[in-house]
Amino acid sequence: MTGHRIYRTSFASVYPHYVAKAKKKGRTKAEVDRIIGWLTGYDQAGIEAQIAAKTDFETFFADAPAMNPARQTITGVICGIRVEEVAQPLMREIRYLDKLIDELARGKAMEKILRGSA
């Protein structure tokens with residue numbers, strides 16, 4: 001697929017930044033993993049396998065076991081762009097994940113981050 005370079009960036013290279021952002025604000029790696037699992041359907045072993053394989057974002061989302069249908073309720077601005085208005089589906093999935101990690105780092109309750117399914 002041609003497109004933004006983030007599509008070919010390995011999930012493993014960005015994952016530590018998600019964890020660092022959360023930890024800097026007093027949150028945990030387990031909470032980051034829970035968010036990723038909620039969004040994509042990956043269990044802990046699946047997340048770790050994707051990291052070990054250095055899977056790119058395109059493959060990470062394409063191979064996701066069960067994308068959560070409630071992800072479409074994620075709204076707001078990340079990197080100056082409204083996530084619900086992102087036209088390209090893969091970029092929207094990446095922005096959903098960015099938005100959820102941002103909400104975690106901002107101290108939002110896990111129940112609200114997971115859209116009531118905590």
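Each reported figure results from applying straightforward, stated rules to the coordinates on display, with no laboratory input. Note that the structure is a prediction, hence the values are computed from the model and not measured. Every residue, glycine as well, gets a Cβ built from its backbone with ideal geometry; the counts of neighbours run over all protein chains shown.
Checked against the criterion of being closer than 15 Å to residue 115 by Cβ, over 11 Å from the mean Cα position of the chain (by Cα) and among the polar types (S, T, N, Q), the candidates 9, 73, 40, 28 yield just one match: 73.
From the list 90, 97, the one residue that fits, being of a type in the set (A, V, I, L, M, F, W, C) and either in contact with a Ser or Thr (Cβ under 8 Å, 6 or more places away or on another chain) or under 18 Å from residue 33 (Cα atoms) (or both), is 97. When we screen 62, 87, 70, 105 for residues that are among the hydrophobic types (A, V, I, L, M, F, W, C), over 19 Å from residue 7 (Cβ atoms) and loosely packed, with under 15 Cβ neighbours inside 10 Å, the only hit is 70. Of the helices (runs of 4 or more DSSP H) lying entirely inside region 1-83, those containing at least 3 residues that are of a type in the set (Lys, Arg) span 11-24. Is region 89-106 home to any residue that is of a type outside the set (Lys, Arg) and assigned to a loop (DSSP other than H, G, I, E, B)? No, every residue in region 89-106 fails to be of a type outside the set (Lys, Arg) and assigned to a loop (DSSP other than H, G, I, E, B). You will find that of 56, 33, the residue that is in contact with a strand residue (DSSP E or B) (Cβ under 7 Å, 6 or more places away or on another chain), crowded, with 18+ Cβ neighbours inside 10 Å and of a type in the set (D, E, K, R) is 56 and no other. For first residues located in region 80-92 and among the β-branched types (Val, Ile, Thr), partners that are outside any helix (DSSP H, G or I) and crowded, with 16+ Cβ neighbours inside 10 Å and lie 6+ apart or on another chain with Cβ distances below 9 Å form the pairs 83/74. In region 13-26, the residues that are of a type in the set (Lys, Arg) form no Cβ pair under 6 Å with any partner that is loosely packed, with under 13 Cβ neighbours inside 10 Å and not in a helix (DSSP H, G or I), whether six or more places apart or across chains.
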